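Data block below; observations after.
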Amino acid sequence: VIVPTVTFIAAVNPVKYVGAEPVFMDCDNTLDMDMDKLEEFLQNQCTFKDGKTVNKNTGRTVKAVIIVHVFGNPADMERLMNIKEKYNLKVIEDSTEALGSYYTKGKYAGKYCGTIGDIGVYSFNANKIITTGGGGMVVSGSQELLDKAAFLSVQAKTDPLYFIHDEIGYNYRMTNIQAAFG
């Protein structure tokens with residue numbers, strides 16, 4: 001999973017949680033991921049075969065890019081989404097620092113940060129734009145991805161009455177009081 005060098009560790013930890021390895025990508029003068037360097041890495045350090053992008057040095061499949069919109073500055077999503085299509089990647093937008101920021105021109109004019117990639121995430125920690133003291137929000141145009149996120153956030157419990165768990169989940173729920181504050 002490709003991640004930017006300018007970020008907080010919370011954007012990188014989930015990569016390790018699932019057994020993947022982060023590949024840190026330089027940022028440009030906007031402090032967002034450098035799309036030239038990203039494309040150069042994918043072209044020169046990876047191969048694309050059978051619908052998969054594979055890192056030549058590690059032999060590992062590159063499956064996603066986590067883009068972090070830094071200090072309210074929207075990243076170049078038009079270019080990133082073209083790269084996503086070319087290399088069959090998923091795009092996760094960490095839009096915590098860009099809550100309310102939107103694109104004023106181009107293909108995504110009028111769209112908010114966090115609503116363009118496969119998944120958008122926002123933190124509501126105490127030091128964020130909106131705070132509930134903790135927790136956050138996941139958004140997506142894919143009901144399947146939202147259902148999976150909801151399932152994993154409640155310890156991957158498969159039955160509402162019984163304590164049946166068929167995979168490892170997490171305790172990422174917000175309390176009702178926290179949600180009401182948000």
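If amide H atoms are built 1.01 Å from N in the plane of the peptide, which residues on other chains or at least 5 residues away come under 5 Å of the amide H of G133? Under 5 Å from the amide H of G133: A126. Couplings 3J(HN,Hα) of segment 131-145, computed from phi: 10, 10, x, x, x, x, 9, 10, 10, 6, x, 9, 4, 4, 5 Hz, in residue order, whole Hz [Karplus 6.51 cos²θ - 1.76 cosθ + 1.60, θ = phi - 60°; x for Gly and Pro].
In the chain, helical runs assigned H by DSSP with n ≥ 4 each contribute -39500 (n - 2.57); averaged across all residues and rounded to the nearest 500, the mean residue ellipticity at 222 nm is -6500 deg cm²/dmol. For the pair Q178 and E78 in one chain, pulling the backbone fully straight at 0.36 nm per residue adds 32.6 nm over the alpha carbon distance. The convex hull around the C-alpha trace of the chain, projected and averaged over every direction, spans 11.7 square nanometres.
Around E78, with a cut-off of 12 angstrom between Cβ atoms, what is the net charge of the other residues, counting Lys and Arg +1 and Asp and Glu -1?
Summing Lys/Arg as +1 and Asp/Glu as -1 gives +3.
For the chain, the antiparallel share of DSSP beta bridges with both residues in that region comes to about 50%. Between the helical axis of 35-44 and the longest alpha-carbon principal axis of the chain there is an angle of about 70 degrees.
Pick out, in residue order, every one of the trypsin sites (Lys or Arg not before Pro) in segment 103-154 that is DSSP loop and has at most 10 other C-beta atoms within 10 Å; say none if there are none.
Answer in residue order: K105.
Near F8, once Lys and Arg are set to +1 and Asp and Glu to -1 for all other residues with Cβ below 12 Å from its Cβ, the sum equals -1. In plain terms, the residue of S142, S123, S101, S95 with the fewest other Cβ atoms within 10 Å comes first and the most crowded comes last, giving S142, S101, S123, S95.
Taken together, the values in this text are just the output of simple stated rules run on the coordinates, not laboratory data. Quick caveat, the model's predicted, so the values are computed rather than measured. Glycine gets a Cβ as well: all are built from the backbone with ideal geometry, and neighbour counts include every protein chain shown.
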